[in-house]
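Please read the structure below before turning to the comments.
The values are calculated or read from the model by the stated rules, or taken from the named source; none is laboratory data. Just so it is clear, the structure is predicted and the values come from calculations on it, not from any experiment. Heads up, the Cβs are rebuilt from the backbone with ideal geometry, glycines too, and the neighbour counts pull from every protein chain shown. With ligands, DNA and RNA removed, areas are computed over all heavy atoms of the protein, side chains included. Shrake-Rupley method; radii C 1.70, N 1.55, O 1.52, S 1.80 Å.
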Amino acid sequence: MYQASADFVFTLVYMLLSACLVVPPSEFRSAGLTIQNLLSSWLGSEELHFVQYHIKRTTATIIFHTLIPLGYYIGFGLVCPEYNLFQPWKVSSIWLAYLITSVLVTIIALVIAYYWSRKHWSNHPVSATLGHHDHSWWAVCSNINIEFRRINKFSTGPPSCRVYVTDSWIIRTSAYSVCFAHKQDCHLNILQTVDHALSHESSTGVQILTIEVVSINRNIKPFQIRLNALDFRDLKDKVSMPIVNARNVVIQQTLTDRFLEAFRQQVDGNQRYALPDGAPRPEACIGCLQTPSNVKLVKLCDDPTQGECVQCYCRPMWCLECLCKWWVSRQQQDKPETWLGSRSPCPTCRSKFCLLDVCNIAT
Ligand SMILES: [Zn+2]
Ligand SMILES: [Zn+2]
Ligand SMILES: [Zn+2]
C-alpha cells in the first residue's frame, strides 16, 4: 500500500515540477528557477548579444524539455527500486517502450542541437530566418544586436513571450523560437481582442490584443504578437506605420488617452493665440521633441490680477499632448472627475493655469 502511494506521489510531484519548469510561474521566476537563469553564464547577455542569446536559449530549452521524460524514468527507478527500472531486460514492455522512446527523443534533440551549433550556429532556424533578410545572416544579427541595445526599443509581454520593436525590427520570442520581421517589409493587422476581467498581475480588467505581423518577404512566415491594449499606443508610435484594423476591433484606451480627448475639446473651444509679428516659428515641443509646440498659456479665465491663475510669460515650448500628460501628472490620480476643473503649474515657470488658459497657436 505504501509503495503504491510512493509511485503515485512521485508521478504527481514530477509532473507538477516539470510543468513549473516548462511554464514557470512568477514564483519560480523570482526564485531564479528558469533555464535562462540556470544557464546564464553560457547564454551570455541578452542585452549585448540578443540574437546569440536567443539562439542558445531556444536550443537549451528544447534539450531541457526533451530530457523531462527520461528524467521521470530515472527518478521513478530511484524512488521505487522494486520496479527494477535500471535493469531494462527485466522491466515490462510498456516501461521498455517508454525508455526507448525517451532515450530516442533525447538523442534526436541532441543531434539536432549539435547540427544547429555547427559553423557558429549558422544552421539554427533563427540564423536561417535572418539569412532571408540579407545574404549574410551575420550582418543582420549584428544590426539587430546594436538596435536592441538602444533604450528606445519598445518591449511588452510576459517573460516567456516577449515582443520587441526596435528601430527597424519587430521581434517576438517564445520558448522554442524567435520570429523576426523587418519593419519596412511588413504590415500589421489587428486580429482580435480578448477581455480578461482579472489578470494575475493586476486587479483591474485587461484587454489583450492579438496582432498579426505579415511580411512581404515570402520567406518570412506571418506571426502573431499579443499585447495589453494599454500598450497599443506605444506600439503604434514605435512601428510608425498604420496598423490595419479591418475587423473594427474596439481598443481600450488608457485613462490619459481618454482624458486627452476632453482636454483637446476644451482647448479647441478656447480663444486662439496669434504669434506676435516677427516672432520665430515655435520649435519642437521639449516634451516629445517631435510635434512642433502648438499651445501657449494665456490667462483668460479672469481679470489679470484676479483669481488663482497667474499669467505665464514662457514662449510656446509644449505640444498639446505633452501639456495634457503633464496636466494629468499634477492631478489627484484617484479622482479623474476633478481633472478638467482643476489647475496645474506651468511646466516651465510654475505659474498656475486652468484649462481656460490653454490656447492653440493660430497658424
Ligand atoms: Zn510634445
Ligand atoms: Zn510658464
Ligand atoms: Zn485660469
From the set of residues in the range 301-325 that are surrounded by fewer than 17 Cβ atoms within 10 Å (Cβ to Cβ) and within 16 Å of ligand 2 (Cβ to nearest atom), which is nearest to Phe263 (Cα to Cα)? Cys301
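Please determine, by comparing only the residues of the range 333-354 that are more than 16 Å from ligand 2 (Cβ to nearest atom) and either farther than 21 Å from Gly307 by Cβ or touching a Cys at 6+ places or on another chain (Cβ under 9 Å) (or both), which one is least open to solvent (accessible area, probe 1.4 Å).
Per the criteria, the residue is Ser342.
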Please go through the range 254-290 and give me each residue that is in contact with a Leu (Cβ under 9 Å, 6 or more places away or on another chain), at pLDDT below 90 and of a type in the set (Val, Ile, Thr), ordered by number. Thr254
Could you grab me the full set of residues in the range 269-290 that are away from ligand 2 (no atom under 15 Å from the Cβ) and either among the hydrophobic types (A, V, I, L, M, F, W, C) or surrounded by 15 or more Cβ atoms within 10 Å (Cβ to Cβ) (or both)? Asn270, Ala274, Leu275, Ala279, Ala284, Cys288, Leu289
Checked the range 325-347 for anything more than 16 Å from ligand 3 (Cβ to nearest atom) and either among the hydrophobic types (A, V, I, L, M, F, W, C) or in contact with a strand residue (DSSP E or B) (Cβ under 8 Å, 6 or more places away or on another chain) (or both); matches are Val328
Does Asp357 satisfy the condition of being open to solvent by less than 60 Å² (accessible area, probe 1.4 Å) and within 14 Å of ligand 3 (Cβ to nearest atom)? yes
Just to check your reading of the model, which residue among Cys301, Cys322 is touching a Gly at 6+ places or on another chain (Cβ under 7 Å), under 26 Å from Thr254 (Cβ atoms) and not aliphatic (A, V, I, L, M)? Cys322
Number of the condition not met by Asp231 [criteria: (1) among the acidic types (Asp, Glu); (2) closer than 23 Å to Thr156 by Cα; (3) in the same structural domain as Trp326 (by TED's automatic domain parsing)]: (3)
Failed criterion for Gln224 (all others in (1) modelled with pLDDT of 90 or more; (2) within 17 Å of the chain's Cα centre (by Cα); (3) open to solvent by less than 40 Å² (accessible area, probe 1.4 Å) hold): (3)
Out of the range 30-62, which residues are surrounded by 16 or more Cβ atoms within 10 Å (Cβ to Cβ) and not hydrophobic (A, V, I, L, M, F, W, C)? Thr34, Gln36, Glu46, His49, Gln52, Tyr53, His54, Lys56, Arg57, Thr58, Thr59, Thr61
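What helices (runs of 4 or more DSSP H) completely inside the range 53-154 contain at least 1 residues that are of a type in the set (Phe, Trp, Tyr) and on the phi > 0 side of the Ramachandran plot?
In the range 53-154, the matching helices (runs of 4 or more DSSP H) lie at 93-121.
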Condition first: within 16 Å of ligand 1 (Cβ to nearest atom) and assigned to a strand (DSSP E or B). Now tell me which residues in the range 306-345 satisfy that. Trp318, Ser344
One residue from Ser351, Ser329, Ser344, Ser293 being among the polar types (S, T, N, Q) and in contact with a Pro (Cβ under 6 Å, 6 or more places away or on another chain): Ser293
Out of Pro69, Pro88, I need the residue that is more than 30 Å from Ala175 (Cα to Cα), open to solvent by less than 50 Å² (accessible area, probe 1.4 Å) and either aliphatic (A, V, I, L, M) or in the same structural domain as Ile107 (by TED's automatic domain parsing) (or both). Which one? Pro88
Residues of the range 291-300 being modelled with pLDDT of 90 or more, open to solvent by 40 Å² or more (accessible area, probe 1.4 Å) and more than 16 Å from ligand 3 (Cβ to nearest atom), which ones? Pro292, Asn294
